[in-house]
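Derivation of every value follows stated rules applied to the coordinates shown; laboratory data play no part. Everything numeric in this text was worked out from a predicted model, so none of it was measured. Quick reminder, even Gly has a Cβ in these numbers, built from the backbone with ideal geometry, and neighbours come from all protein chains shown.
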Amino acid sequence: MTTQSANTQTDQGYAKPIRIFHSIFALCMITQLAIGELMDVPEVEEGHKASISWITPAVAHESHGIKQMGPVEETLGFEVHEYLGLTIAALLVIRIILAMTSLPGANWRQLFPWLFAAGRKQLGDEIKLQMAGWKSMKLAPPEDGEAVARSVHGFIMLASVIMAITGTLLYFGWSITAPQTMLVELIAEVHELTVGMLEALLGAHILAVILHQYQGHHIIDRIKPSA
Ligand code: HEM
């Protein structure tokens, strides 16, 4: 990350497509995280495995005298979660395409400064200079360096991509007629763990936005679609 590319973002804020993307993405993500916390997940209990894992329910019912288990009912919350999740996955594909352009604030290099020697140096310098301020909830304005903020945005994107990939796999793999396989259970664990990390990052993101605004840095002007 060169000083020049960092300045480009500071001077121009974010390109219009990124601003529009941010509004739609933030709305979808906040809704999705809330639904994810509140919904009931349809699951078949472990004890029913033998009767339905190797004989289809219809066959089991007719010829073996085993009580048929109908599919567990999907709640509205779970269905909304599934389709909103697929929408978020599609939005992320759009953001990945934008990350390959040189639109202001869009390029992937700006989201991952720590991948480059110059970016790592800038990160180190910012942390050294600004740490004392952070301890008293004071944030430096974007003109004084954005490597830390951009890294947080990058981790939000990374966590969102992991969440979307695992969520899409769960969409195709989650069973409502039999207990989950070990692999699906593992993917679900990664999905939940990522959600926890994402919530922590978002908490930090939103707190930073509030502090910046409060300290007069007007950063919302840089991202709002109407500006
Ligand atoms: C109340 C909600 C939110 C507010 C007020 C807000 C505000 C902002 C602001 C002001 C910036 C620009 C920071 C800068 O000056 O560099 C920004 C960037 C960003 N925000 Fe948010 N944000 C919110 C929610 C979210 C959510 C829910 C996500 C993701 C799940 C998110 C992800 C990002 C990302 C990734 C960027 C960098 C732009 C990009 O590369 O696409 N934000 N946000």
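Over 19 Å, how big is the tail of the calculated P(r) for the range 137-217, in percent of all Cα pairs? Counting every Cα pair in the range 137-217, those more than 19 Å apart make up 51 percent. Can you divide the C-alpha Rg of the range 177-220 by 2.2 N^0.38 Å and report the result to two decimal places? Compactness ratio reported: 1.93. Among S151, S102, a tally of other beta-carbon atoms within 10 Å of each Cβ gives an order, fewest to most, of S102, S151.
Does the range 77-176 classify as rounded, prolate or oblate by the C-alpha gyration tensor (a ≥ b ≥ c root eigenvalues; a/c under 1.5 gives rounded; else a/b over b/c gives prolate, otherwise oblate)? If you can, show how the numbers build up before the last one.
Details: a/c = 2.95, a/b = 2.04, b/c = 1.44.
Prolate, because a/c is 1.5 or more and a/b exceeds b/c.
For the range 113-164, which trypsin sites (Lys or Arg not before Pro) pass both filters: DSSP loop (anything but H, G, I, E, B) and at most 14 other C-beta atoms within 10 Å? Here the trypsin sites (Lys or Arg not before Pro) that fit, given the DSSP loop and packing criteria, are K138.
Farthest towards the positive end of the charge dipole of the range 85-195, among the residues W108, S160, A118, is the Cα of A118, using unit charges on the Cβ of Lys, Arg, Asp and Glu. Going by neighbour counts of Cβ atoms within 10 Å, the residues V80, V195 line up, fewest first, as V80, V195.
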